[in-house]
């Protein structure tokens, strides 16, 4: 039985007069991977930060399940090189995180060999795994990932999506992630929200992916992880991102799938 | 006793170095050295106000530094001028305002040099109490909030999602720096105070693989600089405050040029 853990209703956010998020409503359910896709500047990160409580909406309501534990992997983590930090120390975020919890997180993202390494020398893929481990430490019910495969090569990307999918399965947590890559992410997601300031369309990536065993199959053969989210919009965007009806059609309501 | 002044200077200097080590590490990590400078400059305004209102100078300096820290935090929320510009305006205006105010005080026999460059050898037992109480207070706060402060320094958004009250921690850190600067002003003076925060911390960096080690090592290296500087000052009859800073600088150079094994973290 899925229940809502986050609800957004009619959320609007603007920065210095520029509307970044317009009338966005969606729910996040428990045990579900939701992917937010859209072009640069579409307001994806802003929306995610609203879910996290880092940004306040100008209007609309943001509801989070009381005592919801969230694990967050930010888009970029720049740590000043004056700050001496090993991976191990990075994971000791508070005095009441047990060695066992750290061990568990380390095992699930497979970074045991990196514990004594400096955080400054990690590759993109290694850094993402370390961030993922940190996000898992407090046993989150919701994992929020802002472009988790950024700066990672194509094989690493497939591995990371596989890992995220495995973690979700093992822990039964909900995942909200941002991607601007349509292809790779689709087999590892239950629900897609396509946005450009407003929500253009949302739904299951493909009808067949409704079947969990199908996802499983794609997951097992990672070479086939590429699944296309076949869809087209019934409207276009002009250079400012404003909605234009496609080919003389009336105002858009939903995408065709 | 003839040597009492030297003993007071040593105890006071080491006391300040022990607190400014860990705090200085935050100044280095968070690139706040200009912030420290601005607060230090404002301390002279505190001196002027203290003399003017005839209240205890230590209290006047502390209040002035704390107030300025709060004003800075509040003004950083505006986006019209960059923080470094803002700090520059505040640093030099408050320094000038302090100097102008002092010149108005009729029969003021203010030893400006002592305030600008410190008068370590004029430390009294009363000052030691200020350093002891202020220092212990800051160290306790630092210990208590250490995990949150480290989290915030690594990444503020991550820390906030993990439940750290980042705005509160940021203000607390600034207030602690303000307090240490106010208390330490007597040791090295307005113009040299930031050096006691950043030089030992910067010296500790290549030898440290964890933030905790860097903070502790900064305290040790700062204390060493105080001892060496005071001995040198006594031996060669040089001004005490600048001698301590020169000693800190020599330690810094020795560590960066020396054959010591550098940390990879």
(message) Residues to consider are A:54, A:85, A:47, A:131; find the one that is within 14 Å of chain B (Cβ to nearest Cβ), touching a strand residue (DSSP E or B) at 6+ places or on another chain (Cβ under 6 Å) and within 21 Å of residue B:156 (Cα to Cα).
(response) A:131
(request) For segment A:178-226, name all the residues that are at pLDDT 50 or above and part of a loop (DSSP other than H, G, I, E, B). (result) A:180, A:181, A:189, A:190, A:197, A:204, A:205, A:206
(request) Scan B:159, B:167 and give me the residue that is surrounded by fewer than 17 Cβ atoms within 10 Å (Cβ to Cβ) and more than 19 Å from the chain's Cα centre (by Cα). (result) B:167
(request) Restrict the check to segment B:230-248 and report whether at least one residue is within 14 Å of chain A (Cβ to nearest Cβ) and over 21 Å from the mean Cα position of the chain (by Cα). (result) no
(message) Could you tell me how many of the residues in segment B:187-218 are within 13 Å of chain A (Cβ to nearest Cβ) and out of contact with any strand residue (DSSP E or B) (no Cβ under 8 Å at 6 or more places or on another chain)?
(response) 17
(request) Name the one entry in B:6, B:10, B:53 that is farther than 25 Å from residue B:170 by Cβ and either modelled with pLDDT of 90 or more or touching a strand residue (DSSP E or B) at 6+ places or on another chain (Cβ under 6 Å) (or both). (result) B:10
(message) Can you tell me how many residues within segment A:108-128 are out of contact with any helix residue (DSSP H, G or I) (no Cβ under 8 Å at 6 or more places or on another chain) and either more than 10 Å from every other protein chain (Cβ to nearest Cβ) or within 21 Å of residue A:171 (Cα to Cα) (or both)?
(response) 2
(request) Could you please give the count of residues in segment A:5-18 that are modelled with pLDDT of 90 or more and farther than 13 Å from residue A:46 by Cβ? (result) 5
(request) Give the residue, chosen from A:105, A:101, that is away from chain B (no Cβ under 11 Å), assigned to a helix (DSSP H, G or I), surrounded by 14 or more Cβ atoms within 10 Å (Cβ to Cβ) and at pLDDT 90 or above. (result) A:105
(request) Confirm whether residue B:133 is part of a helix (DSSP H, G or I), closer than 28 Å to residue B:57 by Cα and at pLDDT 90 or above. (result) yes
(message) Just to be sure before I move on: is residue A:175 in contact with a helix residue (DSSP H, G or I) (Cβ under 9 Å, 6 or more places away or on another chain), assigned to a loop (DSSP other than H, G, I, E, B), more than 14 Å from chain B (Cβ to nearest Cβ) and crowded, with 20+ Cβ neighbours inside 10 Å in the structure I sent?
(response) no
(request) Just give me the residues in segment B:177-201 being surrounded by 24 or more Cβ atoms within 10 Å (Cβ to Cβ) and within 28 Å of residue A:95 (Cα to Cα), in sequence order. (result) B:177, B:178, B:180, B:197, B:200, B:201
(request) Select, from A:170, A:135, the only residue that is in contact (Cβ under 8 Å) with a residue 60 or more places away in the chain, part of a helix (DSSP H, G or I) and surrounded by fewer than 18 Cβ atoms within 10 Å (Cβ to Cβ). (result) A:170
(message) So, residue A:137, is that one within 12 Å of another protein chain (Cβ to nearest Cβ), at pLDDT below 90 and either touching a helix residue (DSSP H, G or I) at 6+ places or on another chain (Cβ under 8 Å) or under 23 Å from residue B:26 (Cα atoms) (or both) or not?
(response) no
(request) Being farther than 15 Å from residue A:33 by Cα, in contact with a helix residue (DSSP H, G or I) (Cβ under 8 Å, 6 or more places away or on another chain) and in a helix (DSSP H, G or I) narrows it down to one of A:156, A:151, so name that one. (result) A:156
(request) Taking the residues in segment B:3-34 that are within 25 Å of residue B:83 (Cβ to Cβ) and without any contact (Cβ under 8 Å) to a residue 60 or more places away in the chain as candidates, determine which candidate is surrounded by the fewest Cβ atoms within 10 Å (Cβ to Cβ). (result) B:31
(request) Please state which of the following conditions residue B:144 fails to meet, knowing it meets all the rest: (1) within 14 Å of chain A (Cβ to nearest Cβ); (2) touching a residue at least 24 places away in the same chain (Cβ under 8 Å); (3) more than 18 Å from the chain's Cα centre (by Cα). (result) (2)
(message) I'd like to know if segment A:70-78 contains one or more residues that are over 13 Å from the mean Cα position of the chain (by Cα), over 30 Å from residue A:27 (Cα atoms), surrounded by fewer than 22 Cβ atoms within 10 Å (Cβ to Cβ) and within 9 Å of chain B (Cβ to nearest Cβ).
(response) yes
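The values are calculated or read from the model by the stated rules, or taken from the named source; none is laboratory data. Model, not experiment: these values are computed from the prediction. Backbone-built Cβ (ideal geometry, glycine too); neighbour counts: all protein chains shown.
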